[in-house]
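Step one of this worksheet: look at the structure below.
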Amino acid sequence: MSLLVGDIGELVTNDPELGVLTDAAVVVEGDRIAWVGAMRDAPAADERLDAGGAAVIPGFVDSHAHLVFAGDRAGEFAARMNGEPYTGGGIRTTVAATRAANDDTLRAGARRLVGEARRQGTTTIEIKSGYGLSVEDEARCLRIARELSDETTFLGAHVVPAEFAGDPDGYVRLVCGQMLAAAAPYAKWIDVFCDRGAFDGDQAREILTAGAAAGLIPRLHANQLGPGPGVRLAVELGAASADHCTHLSDADVDALAGSPTVATLLPGAEFSTRSPYPDARRLLDAGVTVALATDCNPGSSYTSSMAFCLALAVREMRMTPAEALWAATAGGARALRRDDIGVLRPGARADLAVLDAPSYLHLAYRPGVPLVTTVLHNGVPQ
Ligand SMILES: [Zn+2]
């Protein structure tokens, strides 16, 4: 079965040779893109989807999200907007609710968020554990995540749970041992929240090294709440991505610039905690590969909207609309070490979004407006 997506007013491909095309078409065969080019040259196909002159972009790649949890923390958000600082301590509230929830409740909540993201143009979403923090609860959260995404991340080292408050090193041993063994069958990645109030550089190194030995690939929550060793550790260990990157030294920027580690910026977190945004321009000007993601979670960034994060990146972080769209699609793909998504070229996955707008510029220009009208995921209209 082939599908012609035709009459595309503006097609952003993210392919360096194809660039941005006008009056374009895309032909899909099964779950892959078979052809990209000018509408007048388009080959025949079994079915046709008419874009009516609108813009088409690669599906968003949200490379950082925490979707398996129970409850919400709207009250904490309201208190924060009323002046209370964000410390990360509220994570334990969600841990308690998640442990008390059954599998069906957790599955329904995660599925709802994946659907919400999909309708807004996200065709790949990474899902972390991190609200179970026991051997059994981390394993079941990842089992549920794996039902919804291939990009699953073991984040047993999110915070030290209350029952280990007096023995954080004992918790690190549990994460590196029994918990990792139970989580690894359902995870591709391993992640640590390396920041004040969470895990220090030595603990993060121990956990990521154990994860790598179990076949998981490191990524890291780094330098969100303050300066620290996270970013340099991510580069040293060859992590796919260092996420947040809000408080960076010159040495951190240099380390990222000379490495394949992607800097994943999560402006929804700064928005929702009323914190200073990361300096995207400094990273881009240094030659660092930048991704944008939502950090969707009930505490510090409860948004599933990549378009909202893109608008923040343009307005608050001085990324150009083109840089922001690339970071939210191809950049996310780099952060997940994927070359089959985030790009529209023959052979890539047929993951794309049709916008109710003549240009992708409208994503930042019309913030908060649901511009995505049609999503193709693996070639299937959603
Ligand atoms: Zn996060």
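Take Glu206 and decide whether it is away from the ligand (no atom under 16 Å from the Cβ) and not aliphatic (A, V, I, L, M).
Yes.
Can you tell me which residues in the range 32-50 are of a type outside the set (Val, Ile, Thr), touching a residue at least 40 places away in the same chain (Cβ under 8 Å) and over 16 Å from Val20 (Cα atoms)?
Of everything in the range 32-50, those that are of a type outside the set (Val, Ile, Thr), touching a residue at least 40 places away in the same chain (Cβ under 8 Å) and over 16 Å from Val20 (Cα atoms) turn out to be Arg32, Ala34, Ala44, Ala45, Asp46, Glu47, Arg48, Leu49, Asp50.
With respect to Gly197, is the statement that it is surrounded by fewer than 17 Cβ atoms within 10 Å (Cβ to Cβ) and within 15 Å of the ligand (Cβ to nearest atom) true?
Yes; evaluated as a whole, the condition is true for this residue.
Can you confirm whether Thr273 is under 21 Å from Phe154 (Cβ atoms) and touching a helix residue (DSSP H, G or I) at 6+ places or on another chain (Cβ under 7 Å)?
Spelling it out, it is not the case that Thr273 is under 21 Å from Phe154 (Cβ atoms) and touching a helix residue (DSSP H, G or I) at 6+ places or on another chain (Cβ under 7 Å).
Restricting the search to the range 341-356, which residues are over 18 Å from Thr374 (Cβ atoms) and of a type in the set (Val, Ile, Thr)?
Val343
Being within 16 Å of the ligand (Cβ to nearest atom), farther than 27 Å from Arg205 by Cβ, in contact with a strand residue (DSSP E or B) (Cβ under 8 Å, 6 or more places away or on another chain) and among the aliphatic types (A, V, I, L, M) is the requirement here; does Met319 meet it?
Taking the combined requirement at face value, the residue does not satisfy it.
Search the range 290-304 for residues that are more than 9 Å from the ligand (Cβ to nearest atom) and pair each with any residue that is among the basic types (Lys, Arg) when their beta-carbon atoms are under 7 Å apart and the residues are at least 6 apart or on different chains.
From the range 290-304, the pairs are Ala291/Arg334; Pro298/Arg73; Gly299/Arg73.
Can Gly368 be described as in a loop (DSSP other than H, G, I, E, B), crowded, with 23+ Cβ neighbours inside 10 Å and on the phi > 0 side of the Ramachandran plot?
So Gly368 fails the test.
Tell me whether the range 162-176 contains one or more residues that are buried (at least 24 other Cβ atoms within 10 Å of the Cβ) and either of a type in the set (S, T, N, Q) or within 16 Å of the ligand (Cβ to nearest atom) (or both).
no
Only one of these conditions is not met by Glu151: (1) within 16 Å of Ala204 (Cα to Cα); (2) surrounded by 23 or more Cβ atoms within 10 Å (Cβ to Cβ). Which number is it?
(1) is the only condition that Glu151 fails.
Check Gly238 against each of (1) within 16 Å of the ligand (Cβ to nearest atom); (2) at positive phi; (3) surrounded by fewer than 22 Cβ atoms within 10 Å (Cβ to Cβ) and name the one condition it does not meet.
Against the list (1) within 16 Å of the ligand (Cβ to nearest atom); (2) at positive phi; (3) surrounded by fewer than 22 Cβ atoms within 10 Å (Cβ to Cβ), Gly238 comes up short only on (1).
In the range 301-351, which residues are closer than 20 Å to Arg219 by Cα, among the basic types (Lys, Arg) and surrounded by fewer than 23 Cβ atoms within 10 Å (Cβ to Cβ)?
Arg337, Arg338
Which count do you get for residues in the range 98-128 that are assigned to a helix (DSSP H, G or I) and buried (at least 18 other Cβ atoms within 10 Å of the Cβ)?
Residues meeting the conditions: 9.
For the range 218-227, state whether one or more residues are of a type in the set (S, T, N, Q), crowded, with 18+ Cβ neighbours inside 10 Å and over 21 Å from the mean Cα position of the chain (by Cα).
no
Quickly run through the range 260-276 and pick out the residues that are more than 16 Å from the ligand (Cβ to nearest atom) and in contact with a strand residue (DSSP E or B) (Cβ under 9 Å, 6 or more places away or on another chain).
Across the range 260-276, the qualifying residue is only Thr261.
Go over the candidates Thr22, Thr13 one by one and state the one that is crowded, with 19+ Cβ neighbours inside 10 Å, among the hydroxyl-bearing types (Ser, Thr, Tyr) and touching a Gly at 6+ places or on another chain (Cβ under 8 Å).
Step by step, each of Thr22, Thr13 is checked, and only Thr13 is crowded, with 19+ Cβ neighbours inside 10 Å, among the hydroxyl-bearing types (Ser, Thr, Tyr) and touching a Gly at 6+ places or on another chain (Cβ under 8 Å).
Which of the numbered conditions does Val159 fail, given that it passes all the others? Conditions: (1) part of a loop (DSSP other than H, G, I, E, B); (2) away from the ligand (no atom under 16 Å from the Cβ); (3) in contact (Cβ under 8 Å) with a residue 60 or more places away in the chain.
(2)
Considering only residues that are closer than 21 Å to Ala240 by Cα, at pLDDT 95 or above and of a type in the set (D, E, K, R), which ones fall in the range 158-197?
Across the range 158-197, the qualifying residues are Lys188, Asp191.
Answer yes or no as to whether Asp252 is away from the ligand (no atom under 16 Å from the Cβ), among the charged types (D, E, K, R) and surrounded by 24 or more Cβ atoms within 10 Å (Cβ to Cβ).
Criteria met by Asp252.
Yes or no: the range 135-149 includes at least one residue that is in contact with a Cys (Cβ under 9 Å, 6 or more places away or on another chain), of a type in the set (Val, Ile, Thr) and part of a helix (DSSP H, G or I).
No, the range 135-149 contains no residue that is in contact with a Cys (Cβ under 9 Å, 6 or more places away or on another chain), of a type in the set (Val, Ile, Thr) and part of a helix (DSSP H, G or I).
The values are calculated or read from the model by the stated rules, or taken from the named source; none is laboratory data. Please read all numbers here as calculations on a predicted model, not as lab measurements. Every residue, glycine as well, gets a Cβ built from its backbone with ideal geometry; the counts of neighbours run over all protein chains shown.
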